[in-house]
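In what follows, a structure is listed as structure tokens, so that the remarks can point back to it.
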Amino acid sequence: MFKSLIVGNWKMHGTAEEAVNLASQLAEGWNAGNDAVEMAIFPPFIHIPAVAAAVAKSTISIGAQNVSEYSAGAYTGETSAEMLVDQGCKYVLVGHSERRAMHNESSETVAEKFIAAQSAGLIPILCVGESLQQRQGNQTVEVVSAQIAAVVERAGLHNVCRAVIAYEPVWAVGTGETATPNQAQQVHSAIRAQLGEAGQSTQLLYGGSVKAENAAELFAQPDINGGLVGGASLEAVEFLNIAKLIEA
């Protein structure tokens, strides 16, 4: 069976010193001999080299919060997948709800970023999810399915299945609200069904106000293989406790 995956998305928080301190605490507290769960942390771009150095002797992986769809060129302020690989990244988020909402990233743009990441050797974590209005309109599965289909159309089903997919309901990101374990499982099950036989070993993560107090029930669901954790990953003890619940 493949490893479960716990991801800490630090978003735009912290100084370099704070990022290194947090990474060092995680490296010290994480079980280096753990062969069932992989931990990955996603610091802000500017802190990636320092954080990578801080966890270099641990089993913790490094990821980036975003990537350009372009490999090089006159794209001021952008960061290519090749650059991220050069700095030691293994994973990258694509299609995070905040990128879709604040930067107007379309599913087509997300697909291009997905392809760029995979082509450079990164493992994309494709984020999908519905708004509160869409949830109330019983459109959840329709919306999530369309977001995945847009990437499948451009990248191919095989390539999507060998990536990671994170279901993060937009209404639960940073709000303190969390999908119930049953709600989360229903969507993960629908994603698994959409991927078909090729997706039976695809890692599916749940994201959206994951905390130690709700993580155990979420991770116990049959189609949830780990978590995409935001605010709670900024506290070393809390994040370690969440990660250890995957093992329980």
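Rounded, prolate or oblate: which one fits segment 16-156, using the alpha carbon gyration tensor with axes a ≥ b ≥ c (rounded when a/c is under 1.5, else prolate when a/b beats b/c, else oblate)?
Judged from the Cα gyration tensor, segment 16-156 comes out prolate (a/c at least 1.5, a/b above b/c).
At what distance in nm do the modelled label points of Asn138 and Glu17 sit from each other, each positioned 7 Å from its Cα along Cα→Cβ?
About 5.6 nm, to one decimal.
Can you compute the charge dipole magnitude of segment 28-118 about its Cα centre, using +1 on each Lys and Arg Cβ and -1 on each Asp and Glu Cβ, nothing else charged? Give it in debye, rounded to the nearest 20.
Roughly 140 debye for segment 28-118.
Take every DSSP beta bridge whose two residues both sit in the chain, then give the antiparallel share in percent to the nearest 5.
0 percent
Hey, in the GNM for the chain with a 10 angstrom Cα cutoff, which one of His158, His188, His47 fluctuates hardest?
Of His158, His188, His47, the Gaussian network model singles out His158 as fluctuating most.
Say each of Asn31 and Lys90 gets a label point 7 Å from the Cα, pointing the same way as Cα to Cβ; how far apart are those two points in nm?
The modelled label-to-label distance comes out at 1.7 nm.
Over segment 4-247, what is the relative contact order in whole percent, taking alpha-carbon pairs under 8 Å and six or more residues apart?
20 percent
Calculate the dipole size of segment 4-247 relative to its Cα centre from +1 charges on Lys and Arg beta carbons and -1 charges on Asp and Glu beta carbons; express the result in debye to the nearest 20.
160 debye
Can you list the lysines whose alpha carbon is less than 23 Å from that of Lys57, not counting same-chain residues fewer than 8 positions off?
Those lysines meeting the cut-off are Lys3, Lys90, Lys244.
How large is the dipole of segment 142-235 about the Cα centre if only Lys and Arg carry +1 and Asp and Glu carry -1, each at its Cβ, rounded to the nearest 20 debye?
I would put it at about 240 debye.
Using just the helices of the chain, give the 222 nm mean residue ellipticity in deg cm²/dmol: DSSP H runs with n ≥ 4 each add -39,500 (n - 2.57), and the total is spread over all residues, rounded to 500.
Computed mean residue ellipticity for the chain: -12500 deg cm²/dmol.
Under a plain spin-label model, where a point goes 7 Å from the Cα along Cα-to-Cβ, how far apart in nm are Glu235 and Ala149?
Result: 4.1 nm between the two label points.
What's the center-to-center distance, using Cα atoms, between segment 1-56 and segment 69-133 in Å?
Going from one Cα centre to the other spans 19 Å.
Each value in this text was obtained by applying a stated rule to the coordinates, not by laboratory testing. Note that the structure is predicted; figures quoted are calculated from it, not measured. Glycine also receives a Cβ, built like all others from the backbone with ideal geometry; neighbour counts cover every protein chain displayed.
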